[in-house]
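> Have a look at this one.
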Amino acid sequence: AFAFSFFGYFELTLPQSWSAAMDSKANKIGGFVGIFFMALTLAIVSFSCTGPILGTLLGSSLTADGGATQLTMGMSGFGLALALPFTLFAMFPKWLNSLPKSGGWLNTVKVVLGFIELALALKFLSNADLVEHWGLLKREVFIGLWVIIGVGLALYLFGKIKFPHDGPLQKLSKGRITTGILVITFIIYLIPGLTDTKHANLKLLSGFPPPMFYSLYEKSSECPLDLNCYKDLEKGIIAAKLENKPILLDFTGWACVNCRKMEEQVWSTPDVYNILSKDYVIISLYVDDKKELSEDQKFEYLRANGTVKTIETIGDKWGTLQTINFQNNSQPFYALLNHDFELLNTTNAYESDADDYFQWLKTGLENYKK
C-alpha cells in the first residue's frame with residue numbers, strides 16, 4: 001500500500017481541517033508551544049511523503065531484534081533530519097537561493113522509494129512466513145521477486161516504464177544513469193542466489209533473504225550449511241551422549257538478521273565449518289518459532305517478580321530457557337556445554353571475526369576433552 005502510494009496511484013493524506021486547526025493554534029499561541037504546533041502542522045501536511053517511510057520503520061522495529069532501541073534511534077534520526085534543514089536555513093538564509101527547483105526529479109525519488117518499499121515489504125513478509133511456517137517465500141522465490149523488483153526499477157530509471165505523475169522524459173540525467181547501472185549490478189549479484197550451487201550464498205545480503213536451507217531445492221539437512229543439527233533440546237543431548245561430543249547450544253531466530261550473518265559468513269569459513277561438523281553436536285533453538293506446543297507441553301512459568309508467563313509456543317519455551325539459564329534474551333547466543341549442562345567456555349554472541357570464533361570453539365573442545 002505504501003509503495004503504490006509512492007508510485008502515484010493514490011495519496012495518503014490526513015484531513016485538511018487538522019492542518020488548518022494546528023496552523024491556527026501555532027499562530028495564536030507562539031513561543032515554544034507555538035513551535036510544537038508548527039512542527040505538528042508540518043508533520044500532518046507532509047504525511048503523504050513521510051507516512052510510508054515511518055510505517056516501514058515501525059514495521060521493521062516490530063519484526064527485528066532492535067525493538068524499542070531501534071525505534072527510538074530511527075524516530076530520533078528521522079526527526080533530526082526533518083528539522084535540520086529548517087534550522088540551517090534559518091541561520092543562513094542565503095542558502096535558500098542554492099536550493100534545487102522542485103520538479104520531476106522529486107517524483108523520481110518517490111517512485112524509487114516505492115520500489116525500495118516493495119523490497120522491504122517482502123522482507124517483513126518473509127519474517128512472518130518463517131516464524132509461522134507458511135512455506136510461501138522460499139529463498140529462491142524471495143530472491144526471484146527481488147530480481148523482478150530490480151528489473152522494474154532499472155526499466156523505470158532508463159525511461160522504459162512510467163507512473164501516473166511522471167512527466168515527459170527529455171533525456172536521462174547522470175543521476176538516473178548511475179543509479180540504473182548500480183541497480184543492474186545488484187540484479188547480476190542476486191542471480192546466483194537462484195541456483196543450487198556454492199555461489200548461492202549471497203554473503204553481502206546475509207540476513208535479508210531466508211536462510212539457505214529454506215529452499216525450493218532438496219537439501220540434505222534443515223540446518224545451516226547442511227550441517228547436522230537438532231531443533232529439540234532433549235534429542236540433541238541424547239545424540240551428544242551417543243556420539244561423545246560437546247554441545248553447541250545455539251539460541252537463534254527465524255527473523256534474526258545477525259544469526260544469518262553468523263551462519264553464512266562465519267560458520268561457512270573452512271576452520272569453523274570443520275570443527276562444527278566433526279567435533280560438536282549443534283542444538284539450534286528458535287526463540288521466535290510460533291508453532292504451538294501440544295496441550296500437555298503448555299505450562300505457566302512463575303517469574304521471580306511474581307508475574308506469570310504462559311508458555312504456549314516452541315519459541316516461548318526456548319526463549320524462557322535462555323532467559324532463566326543465561327540471563328540473556330538476545331540472539332544469536334551461543335553456549336558450549338558438556339552432557340551435564342555445564343559450561344565449557346564463556347558464552348558468546350555475534351562474533352564477526354571467524355578466527356576468534358574458531359578459537360572459542362577450540363577452547364571449548366579442549367576443555368571437554370579434559
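The values are calculated or read from the model by the stated rules, or taken from the named source; none is laboratory data. Keep in mind that this is a model prediction, so the values were computed, not measured. Heads up, the Cβs are rebuilt from the backbone with ideal geometry, glycines too, and the neighbour counts pull from every protein chain shown. These area figures cover heavy atoms from the full protein model, side chains too; ligands, DNA and RNA do not enter into them. Shrake-Rupley method; radii C 1.70, N 1.55, O 1.52, S 1.80 Å.
> Failed condition for Tyr9, given (1) surrounded by 17 or more Cβ atoms within 10 Å (Cβ to Cβ); (2) part of a loop (DSSP other than H, G, I, E, B), with all others met?
(1) is the only condition that Tyr9 fails.
> Could you give every pair whose Cβ atoms fall below 6 Å, whose first residue belongs to segment 267-293 and is in contact (Cβ under 8 Å) with a residue 40 or more places away in the chain and open to solvent by less than 50 Å² (accessible area, probe 1.4 Å), and whose second residue is in a strand (DSSP E or B) and polar (S, T, N, Q), counting only separations of at least 6 or pairs across chains?
Listed by first residue and then by second, the contacts come to Ser284/Thr252; Tyr286/Thr252.
> Starting from segment 2-13, take each residue that is under 9 Å from Glu117 (Cβ atoms) and of a type in the set (S, T, N, Q) and list its partners that are outside any helix (DSSP H, G or I) and open to solvent by 80 Å² or more (accessible area, probe 1.4 Å), counting only C-beta distances under 8 angstrom and pairs at least six apart or across chains.
These pairs meet every condition: Ser5/Glu11.
> Turning to a different aspect of this structure: Of these, Leu122, Leu130, Leu113, Leu136, which one is more than 30 Å from Ile314 (Cα to Cα) and either of a type in the set (A, V, I, L, M) or in a helix (DSSP H, G or I) (or both)? First the steps, then the outcome.
Values: Leu122 fails: more than 30 Å from Ile314 (Cα to Cα); Leu130 fails: more than 30 Å from Ile314 (Cα to Cα); Leu136 fails: more than 30 Å from Ile314 (Cα to Cα).
On inspection, the qualifying residue turns out to be Leu113.
> Any residue in segment 189-212 that is within 16 Å of Ala119 (Cα to Cα) sitting within a Cβ distance under 6 Å of a residue that is open to solvent by 40 Å² or more (accessible area, probe 1.4 Å)? List the pairs, counting only those 6 or more apart or interchain.
Ser206/Lys261; Ser206/Gln265; Gly207/Val257; Gly207/Lys261
> What strands (runs of 3 or more DSSP E) lie completely within segment 226-338 and have 3 or more residues being out of contact with any Lys or Arg (no Cβ under 9 Å at 6 or more places or on another chain) and of a type outside the set (Phe, Trp, Tyr)?
Result: 247-252, 333-337.
> Here's another thing I want to ask about it. Out of segment 146-157, which residues are open to solvent by 60 Å² or more (accessible area, probe 1.4 Å) and touching a helix residue (DSSP H, G or I) at 6+ places or on another chain (Cβ under 7 Å)?
Correct list: Val151 only.
> Are there any pairs with C-beta distances below 7 angstrom linking a residue in segment 116-136 that is farther than 14 Å from Ala255 by Cα and open to solvent by less than 40 Å² (accessible area, probe 1.4 Å) to a residue that is in a helix (DSSP H, G or I) and of a type outside the set (Val, Ile, Thr), with the two at least 6 apart or on different chains, and if so which?
Pairs found: Glu117/Phe2; Glu117/Ala3; Glu117/Phe6; Glu117/Pro52; Ala119/Trp146.
> For Leu225, all conditions in the list (1) under 18 Å from Lys198 (Cα atoms); (2) over 21 Å from the mean Cα position of the chain (by Cα); (3) touching a residue at least 40 places away in the same chain (Cβ under 8 Å) hold save one; what is the number of the exception?
It is condition (2) that Leu225 fails.
> Something else: State which residue is farthest from Ile143 (Cα to Cα) when the search covers only segment 182-219 and only residues that are aliphatic (A, V, I, L, M) and open to solvent by 80 Å² or more (accessible area, probe 1.4 Å).
Leu182
> Related question: Report yes if some residue within segment 20-34 is within 26 Å of Trp105 (Cβ to Cβ) and out of contact with any Lys or Arg (no Cβ under 7 Å at 6 or more places or on another chain); otherwise report no.
no
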